[in-house]
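Here the structure is laid out as structure tokens; the discussion comes afterwards.
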Amino acid sequence: MAILFTKKEAMKDLPFIEDKALYKAVDLALWLYLDKHWNFKNAVNKAAEKHSVNSKIAIERLLRQVIPEEIFWDRMNGAKPKNTQPTLKETTIRSQKIKKMEMDAKNHVADITRR
């Protein structure tokens, strides 16, 4: 079940940040992660790059401080691995077809050589 948590709700819990660039970077990262559904790493990297913040870890710590842990777990459970292998059923069917084709080819060659 998806947990609805927006940037506005997260900004309410955000502590005061003196560094204006860091504040803007955190604001952007929250928007990218929560509202635009970017992954966490890319949101932090883009925010640090855009607002010239040297410490990505500072952005990450502030985000982890205001975003509930359930959001992270919910997002991780919904993520799919990038390099997925075909399912076992597909692999089995493909293997059976290839084996049949190899047997047909072998029988074809045997028929030709018998004549």
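The values are calculated or read from the model by the stated rules, or taken from the named source; none is laboratory data. Quick caveat, the model's predicted, so the values are computed rather than measured. Glycine gets a Cβ as well: all are built from the backbone with ideal geometry, and neighbour counts include every protein chain shown.
Please name all residue pairs, on different chains or six or more residues apart, with Cβ atoms under 9 Å, provided the first residue is in region 66-94 and is of a type in the set (A, V, I, L, M, F, W, C) and the second residue is modelled with pLDDT under 80.
These pairs meet every condition: Ile71/Ile3.
In contact (Cβ under 8 Å) with a residue 24 or more places away in the chain, not aliphatic (A, V, I, L, M) and not in a loop (DSSP other than H, G, I, E, B): does that describe Tyr23?
Considered against the rule, which asks whether it is in contact (Cβ under 8 Å) with a residue 24 or more places away in the chain, not aliphatic (A, V, I, L, M) and not in a loop (DSSP other than H, G, I, E, B), Tyr23 comes out as no.
Where in region 48-115 are the helices (runs of 4 or more DSSP H), entirely inside, with at least 1 residues that are farther than 17 Å from Trp31 by Cα and either modelled with pLDDT under 95 or polar (S, T, N, Q) (or both)?
Of the helices (runs of 4 or more DSSP H) lying wholly inside region 48-115, those with at least 1 residues that are farther than 17 Å from Trp31 by Cα and either modelled with pLDDT under 95 or polar (S, T, N, Q) (or both) span 69-78, 88-114.
Return a yes/no flag: does region 37-56 have any residue that is under 18 Å from the mean Cα position of the chain (by Cα) and loosely packed, with under 11 Cβ neighbours inside 10 Å.
There is at least one residue in region 37-56 that is under 18 Å from the mean Cα position of the chain (by Cα) and loosely packed, with under 11 Cβ neighbours inside 10 Å.
Given the criteria β-branched (Val, Ile, Thr), at negative phi and surrounded by 10 or more Cβ atoms within 10 Å (Cβ to Cβ), does Ile71 qualify?
So Ile71 fits the description; yes.
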